[in-house]
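The values are calculated or read from the model by the stated rules, or taken from the named source; none is laboratory data. Because the structure is predicted, anything quoted here is derived from the model rather than measured. All Cβ positions, glycine included, derive from the backbone under ideal geometry; neighbour counts span all protein chains shown.
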Amino acid sequence: MPRLLVEIGVEEMPARFVLPALEQLEAGLRALLAEEGLGAGEVRTFGTPRRLVVIAPEVPERQEDAVREVRGPAVKVAYDVQGRPTQAALGFARSQGVAVDSLERRSTEAGEYVFARVRIPGRPTPEVLRERLPRLITGLSFPKTMRWGAHELRYGRPLRWIVAMLDDQVIAFEVAGVRSGRTTRGHRVLNPGPHAIPHAAEYERVVEEARVVVDHRRRAAQIREEVRRLAAEVGGEAIAPASLLEEVTFLVEHPTPFRGAFDPDFLRLPREILITVMQHHQRYFPVEREGRLLPYFIAVRDGDEVGLEQVREGNEWVLRARLEDARFFYEEDRKVPLAARLEQLGDMVFVERLGTVREKVERLRSLAAWLAAQLRLSEEERTHLVRAAELCKADLATHVVGEFPELAGTVGGLYARLDGEPEAVAEAIAEHLRPRTAEDTPPRSWLGALLGIADRADTLAGCLGIGLAPTGSADPYGLRRAASSLFEILCLHRVRIPLSALIRRALEGYPGLGDRLEEVWAFVLGRLRAWLLERGYTHDAVEAVLGVPWSSVADLVDRTEALIRFRATPAFAALYEAFDRAHRILDPALLSDGEPVAQNEAERDLLEAIRAVRPKVEAYVSSSRYEAALAELSGLRDPVARFFDAVFVNDPDPEVRRRRHLLLGEVVRLVRGIADLSRLAVAPGELGAE
Amino acid sequence: MRFQELILALDRYWADYGCVIAQPYDVEVGAGTMHPATFLRVLGPEPWKVAYVQFSRRPGDARYGENPNRLGAYYQYQVILKPSPEDVQEVYLRSLEALGIDLRTHDVRFVEDDWESPTLGAWGLGWEVWLDGMEITQFTYFQQCGGMDCRPVCAEITYGLERLCMYLQRKSSVFDLEWAPGISYGELRHREEVEWSRYGFERADVQRLRTWFDAYEQEASAALEAGLVLPAYDYVLKCSHVFNLLDARGAVGVQERASLMARCRRLARQVAERYLAQREAMGWPLLREAAEVRGA
């Protein structure tokens with residue numbers, strides 16, 4: 001079967017655009033082939049900054065034929081009294097291209113009609129692709145789009161050439177003034193071309209000769225291995241986070257990693273600043289040994305070995321200028337203590353309509369004091385937390401953060417330490433913005449965690465309070481990220497503060513937003529649900545736990561995990577049966593406060609069973625041992641079963657009926673102290689053979 | 001390559017390509033984009049190719065001439081190609097070769113970088129161009145200018161002349177660049193950096209600057225009312241420059257900053273609208289000319 005090749009040639013696509021575009025291209029081509037009856041064979045993609053490639057190695061030559069039934073005239077019109085076809089039948093058969101004696105009679109709701117079975121021949125694949133490929137190409141979506149020249153198409157970057165071939169045939173079409181063909185381009189410098197592709201099967205050979213390593217997996221592997229080797233040569237290890245590797249992979253078409261060096265004197269600058277300059281600004285991999293940076297970096301050239309010495313020397317020169325700049329800013333910053341910069345925060349907007357950073361700092365101090373009181377921190381911890389809150393944004397006014405915004409927090413921590421602030425204060429400042437990315441971890445220190453909580457709660461309350469909740473994929477204020485970071489920290493540090501109280505208190509920091517609690521809470525709860533699901537908990541378990549009163553995020557996580565673990569044990573069937581029987585029959589209108597009473601044997605039996613487990617369950621719950629509590633409650637299965645066997649719950653006597661509901665209500669209440677099992681989607685198989 | 005030779009080589013290259021070599025504008029601007037040869041000419045359907053040097057003032061970036069990499073004013077080499085040609089990247093890369101940069105022995109990258117000017121209501125998408133890890137050029141496809149869609153879209157190529165020259169001459173201080181034989185960049189510009197830093201950070205009279213901002217704004221509006229688009233634009237530029245001075249002086253508060261920028265943007269938008277109307281009334285002269293060239 002023929003091979004399909006599509007190469008979309010573009011001006012340098014931003015590195016972060018390429019992988020998502022390749023995913024869309026693969027899914028899009030699969031869907032297209034399936035819809036058009038062109039099979040569901042393999043589809044693979046390659047990408048570089050200048051090309052998005054999709055290949056289907058085996059595509060049928062044409063669509064399969066289809067059969068369509070077409071209704072013709074009514075039978076009484078189509079045949080005369082002798083049963084011979086009339087002009088109407090002959091005309092219909094002719095128009096459908098079938099023999100008149102192949103017409104079939106069918107009765108329909110409207111009477112008896114003749115039908116023709118018309119064979120629709122499948123179209124040749126090139127014809128179908130000519131129609132469909134332009135939409136596949138223009139239908140890709142990118143995080144940001146642009147126009148160019150006089151074209152109206154919006155795309156990630158300008159489209160410059162298209163290769164579309166089925167074996168050795170070009171599939172001809174045009175997109176934004178670009179005609180598809182068999183001509184590709186090579187590496188911009190090493191072998192620009194143009195290069196003709198004789199046959200789709202020769203694509204990889206042609207681009208290889210054009211000095212392009214088109215398979216991004218291969219480029220990534222080459223870079224990873226070379227970077228490791230170059231670092232090992234100087235006895236070190238490269239700091240190579242996955243995100244940087246991916247970015248560099250999509251910045252080059254022909255990677256040649258090389259090692260450069262810098263003046264060891266720069267190692268006196270804080271490590272974080274050095275790493276930021278190298279990684280974020282130059283896309284270099286720093287080199288370290290046993291946690292200490294070495295005066296080397298590894299960069300990746302887009303090209304081969306020719307002139308590599310000059311490229312190395314140039315990059316070293318550039319890095320030196322960058323580091324000198326950083327040193328200048330650092331030394332300037334150190335001329336005054338961090339605390340002296342607080343005043344400047346009054347000139348910085350936190351978020352439009354939410355005042356200045358100075359005002360945010362005031363709110364954070366007050367929120368920190370509240371947290372300290374709620375959590376009964378020691379006097380020393382309280383002082384440290386409030387001081388950290390006061391200083392945590394001061395670094396926004398430093399030169400270094402002005403130059404390297406991603407170092408906010410980190411620089412504050414460094415400077416606080418150098419100013420002689422207590423270590424706990426410096427650490428809390430340094431950590432409070434973590435986790436910064438999906439790869440990062442939450443603060444490790446207790447005070448850093450609390451400050452991080454205060455910061456996120458304040459941002460969420462303010463932004464959501466003035467209606468800045470994200471819509472669609474756009475989240476300009478990073479509120480989704482703020483919410484999940486908040487939950488992560490609350491959970492990791494097991495902070496026993498009711499989430500609703502935290503949000504309410506944060507909202508109180510903003511005069512005039514007090515009445516927006518409902519909007520704010522709706523978003524927070526929605527994100528909490530999403531966050532729990534992202535942690536891999538099943539949907540129904542999450543709903544079961546959210547369906548009963550809960551307080552802190554850590555508590556919620558404990559219950560969900562206990563429920564999921566317990567559900568996998570044999571005792572779950574017993575618990576569920578006891579709960580389910582009681583819950584099904586229960587009439588909430590008959591319930592009231594107060595201890596249930598028993599009047600006969602069966603009632604006494606159940607009441608005693610309840611009284612036997614209740615103190616244990618309550619003790620387990622209060623010490624967060626939810627699984628043990630559930631196990632204890634599963635022991636109620638037999639008493640509940642005996643109860644149902646012995647008595648008629650809905651007794652005609654209202655007093656008796658109320659008494660029995662009260663007993664079953666107590667069973668349900670105890671279970672619901674942990675989770676509402678009625679929200680679980682329990683399959684019959686889950687409950688065993690009984 | 002000496003600083004002046006760099007300029008001469010770029011002029012030669014872009015003139016040969018077919019650009020008008022314009023001259024620097026004589027009103028204070030923060031970037032080459034604000035020169036009317038860019039801000040106004042990128043609007044509307046008329047084709048336009050231009051290249052020029054623009055002295056660009058950024059009072060807030062000044063460092064008393066003490067930082068080897070930072071300047072309160074510097075030279076941009078600006079090129080506008082409208083509509084953006086299909087081979088615009090290759091054309092740009094050849095300009096580097098014209099500067100004696102052998103691409104085979106260097107590493108050139110196009111790294112994502114988008115650009116926005118809130119005071120001009122302008123934005124675009126593109127790259128910063130890296131030469132061996134050094135950012136030497138800003139490359140932008142203008143999407144909007146003066147709040148209006150650019151149709152067609154132009155390519156803006158802005159070379160940072162000092163950066164590029166420091167790299168070529170391997171000088172670690174901008175002031176050590178050789179401008180002409182025996183004359184350094186510092187000789188021409190160092191004193192200026194020192195004095196303008198002192199003025200901008202310490203001496204500029206805030207009260208007077210505020211008065212000027214208001215006066216320039218009124219003058220711009222009055223000129224617009226009289227149908228005088230180009231004089232109006234000069235006063236918009238002056239407003240923008242006064243705003244930059246106030247900002248460097250630390251005299252602009254949070255609320256005020258947004259409002260001053262919005263006032264500049266509003267004027268810039270009006271100028272852009274009037275300019276388009278004016279060109280249309282003139283029958284888009286450059287479109288006519290382009291048609292004649294094709295006809296001949």
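Does A:Glu247 satisfy the criteria of being in contact (Cβ under 8 Å) with a residue 60 or more places away in the chain and assigned to a helix (DSSP H, G or I)? Lay out the reasoning, then the answer.
Numbers: in contact (Cβ under 8 Å) with a residue 60 or more places away in the chain: yes; assigned to a helix (DSSP H, G or I): yes.
So A:Glu247 passes the test.
Among the candidates A:Val682, A:Val649, A:Val621, A:Val656, single out the residue that is surrounded by fewer than 21 Cβ atoms within 10 Å (Cβ to Cβ), in contact with a Gly (Cβ under 9 Å, 6 or more places away or on another chain) and either modelled with pLDDT under 95 or more than 18 Å from A:Val545 (Cβ to Cβ) (or both).
Within the list A:Val682, A:Val649, A:Val621, A:Val656, the selection yields A:Val621.
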Q | Residue satisfying condition, being over 26 Å from A:Leu687 (Cβ atoms), in a helix (DSSP H, G or I) and touching a Lys or Arg at 6+ places or on another chain (Cβ under 6 Å), within set A:Ala554, A:Ala589, A:Ala530 | A | A:Ala554
Q | Meets criteria (farther than 30 Å from A:Glu316 by Cβ and either within 14 Å of chain A (Cβ to nearest Cβ) or assigned to a helix (DSSP H, G or I) (or both)) for B:Arg163 | A | no
Q. Given segment A:1-82, what strands (runs of 3 or more DSSP E) lie entirely inside it while holding 2 or more residues that are in contact with a Lys or Arg (Cβ under 8 Å, 6 or more places away or on another chain) and either in contact (Cβ under 8 Å) with a residue 24 or more places away in the chain or hydrophobic (A, V, I, L, M, F, W, C) (or both)?
A. A:4-10, A:51-56, A:66-74
Q. Is it true that some residue in segment B:85-104 is within 8 Å of chain A (Cβ to nearest Cβ), part of a helix (DSSP H, G or I) and more than 25 Å from B:Ala22 (Cβ to Cβ)?
A. yes
Q. Quick one: which of A:Leu371, A:Leu367, A:Leu385, A:Leu345 is within 11 Å of chain B (Cβ to nearest Cβ) and part of a helix (DSSP H, G or I)?
A. A:Leu345
Q: Might you let me know whether segment A:288-297 holds any residue that is in contact with a strand residue (DSSP E or B) (Cβ under 8 Å, 6 or more places away or on another chain), at pLDDT 95 or above and within 13 Å of chain B (Cβ to nearest Cβ)?
A: yes
Q. Based on what the data block shows, is B:Leu287 assigned to a helix (DSSP H, G or I), out of contact with any Phe, Trp or Tyr (no Cβ under 7 Å at 6 or more places or on another chain) and in contact (Cβ under 8 Å) with a residue 40 or more places away in the chain?
A. yes
Q: Tell me, yes or no, whether segment A:436-447 has at least one residue that is within 30 Å of A:Glu246 (Cα to Cα) and in contact with a helix residue (DSSP H, G or I) (Cβ under 6 Å, 6 or more places away or on another chain).
A: yes
Q: For segment A:406-432, name all the residues that are in a loop (DSSP other than H, G, I, E, B) and buried (at least 24 other Cβ atoms within 10 Å of the Cβ).
A: A:Gly409, A:His432
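Condition first: under 23 Å from A:Gly291 (Cα atoms) and touching a Phe, Trp or Tyr at 6+ places or on another chain (Cβ under 6 Å). Can you find one or more residues in segment A:180-193 that meet it?
The answer is no, given that none of the residues of segment A:180-193 is under 23 Å from A:Gly291 (Cα atoms) and touching a Phe, Trp or Tyr at 6+ places or on another chain (Cβ under 6 Å).
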Q: Could you please let me know if A:Leu230 is more than 14 Å from chain B (Cβ to nearest Cβ) and assigned to a helix (DSSP H, G or I)?
A: yes
Q.
Among the residues of segment B:269-277, are any loosely packed, with under 15 Cβ neighbours inside 10 Å, modelled with pLDDT of 90 or more and of a type outside the set (Val, Ile, Thr)?
A. yes
Q. Can you pull out the residues in segment B:105-125 that are within 21 Å of the chain's Cα centre (by Cα) and at the interface with chain A (Cβ under 8 Å from one of its Cβ atoms)?
A. B:Phe110, B:Val111, B:Glu112, B:Asp114, B:Gly124, B:Leu125
Q | Residues that are away from every other protein chain (no Cβ under 14 Å) and closer than 15 Å to A:Ala196 by Cβ, drawn from segment A:157-171 | A | A:Val163, A:Ala164, A:Met165, A:Asp167, A:Asp168, A:Gln169, A:Val170
**Q.** Options A:Val114, A:Val128, A:Val118: the member that is touching a Leu at 6+ places or on another chain (Cβ under 6 Å), away from chain B (no Cβ under 14 Å), modelled with pLDDT under 95 and farther than 30 Å from A:Pro476 by Cβ
**A.** A:Val114
Q: Tell me, please, whether a residue that is under 24 Å from A:Phe17 (Cβ atoms) and either modelled with pLDDT of 95 or more or in a helix (DSSP H, G or I) (or both) can be found in segment A:260-276.
A: yes
Q. Cβ-Cβ below 9 Å, separation at least six or inter-chain, first residue in segment B:99-116 and at positive phi, second modelled with pLDDT under 95: which pairs?
A. B:Gly100/B:Met1; B:Gly100/B:Leu168
Q: Being free of Cβ contacts under 8 Å to residues at least 60 places away in the same chain, farther than 14 Å from B:Pro152 by Cα and in a loop (DSSP other than H, G, I, E, B) is the filter here, so list the residues in segment B:26-43 that pass it.
A: B:Asp26, B:His35
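Table: residues versus (1) within 20 Å of A:Pro435 (Cβ to Cβ); (2) part of a helix (DSSP H, G or I); (3) at pLDDT below 95; (4) out of contact with any strand residue (DSSP E or B) (no Cβ under 8 Å at 6 or more places or on another chain).
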position: A:Arg456; (1), (2), (3), (4): yes, yes, no, yes
position: A:Tyr477; (1), (2), (3), (4): yes, no, yes, yes
position: A:Ala506; (1), (2), (3), (4): yes, yes, no, yes
position: A:Asp515; (1), (2), (3), (4): no, yes, yes, yes
Q: Considering only segment B:236-264, state which residues are assigned to a helix (DSSP H, G or I) and more than 18 Å from B:Glu28 (Cβ to Cβ).
A: B:Val254, B:Gln255, B:Glu256, B:Arg257, B:Ala258, B:Ser259, B:Ala262
